[in-house]
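The values are calculated or read from the model by the stated rules, or taken from the named source; none is laboratory data. As the structure is a computational prediction, the values presented were derived from the model and not from experiment. Heads up, the Cβs are rebuilt from the backbone with ideal geometry, glycines too, and the neighbour counts pull from every protein chain shown.
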Amino acid sequence: MAGFGRRREPVEGEREHLGETEGRDRGREGVVTHDDHHAREKFGGANIGAAFFGWMVAVGMTVLLTGILAAVAAVLGYSGVVTQDQAEDNAASLGLGAAIALLVVVLLAYYCGGYVAGRMSRFDGGRQGLLVWVIALVVSVLAAVLATVAGDQYDVLSRTDAPGIGLPSASDLTTSGIVAAVVVLVGTLLAAMAGGKVGQRYHRRVDRAAERVV
């Protein structure tokens, strides 16, 4: 009874088995770490495909959310500016409440776009969100240049009702118009990068779960 609580020392064969098991565990941890670094070197960085689809999601969400906003405004009897196109054409008459609502819509849309790009890419979620914003900016600039050079009939964004990123037109180059454009540009950039980082966290959770299993 005196030795009932005494811990039994492993015999020589058990020691060898335990040593082999610990060695395999350490080896597996090393493989996981090595594979993670190798995957980052191979698949990290800019993912143009993910950013493109993230931009498509941002455009679609902008259209969807502005449509919902317009429907809510109609139910409430509001007859002012409620869409991004109307806001760009009538920036001077845009009310504060409508401006805030449209800004929230655009921020949510680019957050969703960045999230999709980050979720599609295992690494560098913030960079994928940045690329979503860059694609939107490039498309908006190219569409504006094409419309200026070739005429309004070639304004692709307006003809397809696709929203741009909020660049001011020539008639909106006032102090308030420039400030509003800067707010939209910076806000959408931060929203897209934040969405990309949040989307990337899914892969980090998967990696942690895999490490616990190993």
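Of the residues making up the range 47-66, none is surrounded by 13 or more Cβ atoms within 10 Å (Cβ to Cβ), at pLDDT 70 or above and farther than 27 Å from residue 196 by Cα. Quick one: is residue 167 surrounded by fewer than 17 Cβ atoms within 10 Å (Cβ to Cβ), among the hydrophobic types (A, V, I, L, M, F, W, C) and at pLDDT below 75? Here the answer is yes, as residue 167 does meet what is asked. Summed over the range 112-138, residues that are touching a residue at least 60 places away in the same chain (Cβ under 8 Å) and surrounded by fewer than 24 Cβ atoms within 10 Å (Cβ to Cβ) total 11.
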